[in-house]
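**Q** Here it is, the structure, as structure tokens.
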Amino acid sequence: MTASAQLNCALNKIDCANRADPNRETVNGESLPREYAYSLHMTRWLFALETKPSEHMQIACRAQHIERWTMPRGDYEEGRKAYYQWRQACGRMHGRRAAEIMAECGYDAGQCEKTETILTKRELRNDADTQLLEDVACMVFLERYFAQFYEQKADYDREKWLRIVRRTWGKMSPRGHEAALKLAEGMPAHLLGLLQEALAEPE
């Protein structure tokens, strides 16, 4: 199987898996399975940040949330510690599934392992590909889910929102910051104000 055929095979298998999501999201007036829609957002932002991404980055971005609905947040206790345990468990599952699919499509063990490592984010800050994945994920959050999340968590106080924005910003590279600032120009005034306050230097 040629390289391009391997990539098409992997992306198609990931798409097929994510189309089984029973949850829905509306994109441009069309109702799509939520994690399939999310994977398309990830792919779009990957190419916005990196004009010629590698095959393993294309696969990692498409598989960022592969079959996440099978591991719901509700299976874990409340609180920040349990939340991070859930996130780590999801990352391991996503990495394993992506590696399995890549192996089925003819990728060698080294390529499968590389993609699995990216998705677990074990090497964030030390690996450029893992950092790119994080930048892409943050851009998708800011563009597609930040406003919705803000409405859902209306009980959060201002300081908690500032911490959330600062944590998101702290995960991103300078390239991600540049893209986020450009995106922020089109945000609703209350979200733009929150971002500006979070990023302002303390007096």
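Table: residues versus (1) surrounded by fewer than 16 Cβ atoms within 10 Å (Cβ to Cβ); (2) under 25 Å from Arg144 (Cβ atoms).
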{"position": "Tyr38", "(1), (2)": "no, yes"}
{"position": "Arg44", "(1), (2)": "yes, yes"}
{"position": "Phe47", "(1), (2)": "yes, yes"}
{"position": "Gln64", "(1), (2)": "no, yes"}
{"position": "Gly79", "(1), (2)": "yes, no"}
{"position": "Tyr83", "(1), (2)": "yes, yes"}
{"position": "Met102", "(1), (2)": "no, no"}
{"position": "Lys114", "(1), (2)": "no, no"}
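**Q** Go through (1) among the polar types (S, T, N, Q); (2) at pLDDT 95 or above; (3) closer than 23 Å to Phe141 by Cα; (4) assigned to a helix (DSSP H, G or I) and name the single condition Gln85 misses.
**A** (2)
**Q** In the range 10-37, what count of residues is obtained for those that are in contact (Cβ under 8 Å) with a residue 24 or more places away in the chain and over 19 Å from Glu116 (Cα atoms)? So that I can check it myself, show each step before the final result.
**A** Initially, the range 10-37 is screened for residues in contact (Cβ under 8 Å) with a residue 24 or more places away in the chain, giving 10-11, 13-15, 17-18, 20-23, 34-35.
Filter once more, keeping what is over 19 Å from Glu116 (Cα atoms): 20-23, 34.
Residues flagged as in contact (Cβ under 8 Å) with a residue 24 or more places away in the chain and over 19 Å from Glu116 (Cα atoms) within the range 10-37 amount to 5.
**Q** May I pose another question? Quick check on my filter: what residues within the range 116-148 are of a type in the set (S, T, N, Q) and either in a loop (DSSP other than H, G, I, E, B) or loosely packed, with under 14 Cβ neighbours inside 10 Å (or both)?
**A** Filtering the range 116-148 down to residues of a type in the set (S, T, N, Q) leaves 117, 120, 126, 130-131, 148.
Within the range 116-148, Asn126, Gln148 meet the criteria.
The values are calculated or read from the model by the stated rules, or taken from the named source; none is laboratory data. All values reported here derive from a predicted model rather than from experimental measurement. Virtual Cβ from ideal backbone geometry, glycine too; neighbours counted across all protein chains shown.
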